[in-house]
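What follows is calculated from the coordinates using simple rules that are stated; it is not laboratory data. Note that the coordinates shown come from a computational prediction; the quantities given were computed from them, not determined experimentally. Heads up, the Cβs are rebuilt from the backbone with ideal geometry, glycines too, and the neighbour counts pull from every protein chain shown.
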Ligand SMILES: Nc1ncnc2c1ncn2[C@@H]1O[C@H](COP(=O)(O)OP(=O)(O)OP(=O)(O)O)[C@@H](O)[C@H]1O
Ligand SMILES: [Mg+2]
């Protein structure tokens, strides 16, 4: 089976500043890739290029559609790309307020994608919303609450439910546990890991936290100054880091 | 300044041509919001300058104009717009729906069915139905272009979740000609069915927002809804206290300081015509 997503020579510059450069890799169905690196190393830039939110300055991202066609993101029509983003992809933001509609209820947040693809039966939409809230461990009676009434951890779980309701095959996550209490982080990570396994989701997870990478991903890429300096199976990279920077990262973090 | 020093209907011919071009485009693409270079009018924006400009651009000396606000011809807004055109265009005006060739309106569509030789001009404050959920103009344009209208149902979903029913009663969104979702201006949803397959040309002008849109004669206009919460219009338990109509949109009127109330037709011309024909409660 050909890869689900493949990146070839991705680079993005902001004027004279480098966001990321010369990045190539393949992601297979059901595989979880972690992108780690310090602040400013280009993780978010790369993720936004991969997910079609910004256009890379050079390079190509191609994706295997549900019907088997392999298409380059830039060759798709805008309508096709936006439909892909709303159905077969998910995007979980670090700041839940960016990924949610804060002005409407949790149920409407989860139901939105269904309505976007033509669901027109209120009762069915609401039932699907309640079902997905339960799957992210939010009690059904909170379905009509505003996300403003949710805790930080609940908002992240709501964001996940809102994305997964259309059963996407690929989810992009940018620091999904950033800014949360440690205990809340742990519960969220368990939940994400469970969902990813059960739904056989592919995911690209940006994090500066090696513990997140270790828990969620099978493969990881380490970035520094816009470039990938090391890549490999997560366990191997963490146990036997090759690049000096990775060695520093691993020794400083994992021993605490 | 005397009335004679104005060009016919106040606007100069070049401006009228510009507005007519926008109107033609609007008619060619039913429900699509056409940008136009809205002019300063000698009245504040909230007073219907968009509708006034559209009316000024289509008015001819042979026309007979009717102006209503909330269904009545004698409210301040309606009176001042009618006077404006009496003064600047010298056209005859009427309060009778059947005698008007152009009807400018705020908040209502007359009860009497419109004909194919009539044009109705709506004053629009906010033309963009997607504005509630998406404030960015670049994004709403894209959503219209790609027919991404899911968020309209998010709003209706939210109504039902909160109030047990679709609580939107004014400016109820509808799809025009199976393509563009539009805001029919703040008319009650009671009037939405009149938009559908209407023989008259329907024009919408938003002055402050600089948009014109149209529903050409006999165009399909479908109010948005859910399969299990179908679109419904308002109903009243009692008839009009003056003419006894059970078919018209009723306003609640407080009749004394003890809180006594009655329901009467909001369309005063419709009510008066029924009274002339002998209708009683
Ligand atoms: N919109 C932008 N305009 C200009 N420069 C930018 C922009 N976005 C990012 N950059 C620059 O690109 C580089 C990579 O930034 P990026 O946000 O991708 O890093 P990051 O790894 O996600 O960092 P963090 O961990 O802090 O989120 C940085 O030098 C940053 O200043
Ligand atoms: Mg970042």
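Largest first, the extents of the alpha carbon coordinates of chain B on the three principal axes equal 57, 53, 36 Å.
Please work out the Cα convex hull volume for region B:1-102 and give it in Å³ per residue. Intermediate results must be reported in sequence, preceding the final value.
Details: hull volume 12.2 nm³, N = 102.
Normalising the Cα hull of region B:1-102 by residue number yields 120 Å³.
In region A:96-167, Cα pairs under 8 Å separated by at least six residues give a relative contact order of 47 percent.
Hull surface divided by four, with the convex hull built on the Cα atoms of region B:97-154: how many nm²? All intermediate terms of the calculation are to be shown ahead of the outcome.
Values: hull surface 22.7 nm².
For region B:97-154, averaging the hull's shadow over all directions gives 5.7 nm².
In what sequence, highest mean first, do B:217-224, A:149-156 appear when ranked by Cβ atoms within 10 angstrom? Each step should come with its number before you reach the end.
On the way: B:217-224: 17.2, A:149-156: 19.0.
In descending order of packing, they fall as A:149-156, B:217-224.
The calculated pair-distance distribution of region A:1-71 uses every alpha carbon pair, bins of 10 angstrom beginning at 0, and gives 19, 51, 24, 5 percent.
Seen from a random direction on average, the alpha-carbon convex hull of region B:144-275 projects onto 11.0 square nanometres. Measuring spread by the Cα atoms of region B:131-210 yields a radius of gyration and Dmax of 13.6, 37 Å.
Find the Rg to Rh ratio for region B:1-46, where Rh is the Kirkwood radius over alpha-carbon pairs and Rg uses the same atoms. Spell out each step's value before the answer.
Values: Rg = 13.1 Å, Rh = 12.4 Å.
Taking Rg over the Kirkwood Rh, I get 1.06.
Of all the options A:25, A:91, A:172, the one that moves most in a Gaussian network model of chain A with Cα springs shorter than 10 angstrom is A:25. Once you divide the Cα radius of gyration of the protein assembly as shown by 2.2 N^0.38 Å, the number left is 1.23. For chain B, a Gaussian network of Cα nodes joined below 10 Å ranks B:78, B:28, B:200 by mean-square fluctuation, and the top entry is B:28. The distance linking region A:195-227 with region B:111-180 is 42 Å (Cα centroid to Cα centroid, whole angstrom). Pairs of alpha carbons in region A:96-167 separated by more than 17 Å make up 30% of all such pairs.
Can you tell me the orientation of helix A:122-135 relative to chain A, as the angle in degrees between its alpha-carbon axis and the longest Cα principal axis, to the nearest 10? Orientation of helix A:122-135: about 50 degrees from the principal axis.
Compute the convex hull volume of the Cα atoms of region A:9-152, divide it by the residue count, and report the result per residue in Å³ as a whole number. Intermediate values should be presented prior to the final figure.
Numbers: hull volume 22.5 nm³, N = 144.
Here the figure is 156 Å³ per residue.
With equal scatterers on the alpha carbons only and no solvent term, can you work out the Debye log10 of I(q)/I(0) for chain A at 0.08 1/Å? Values, matching the q order: -0.31.
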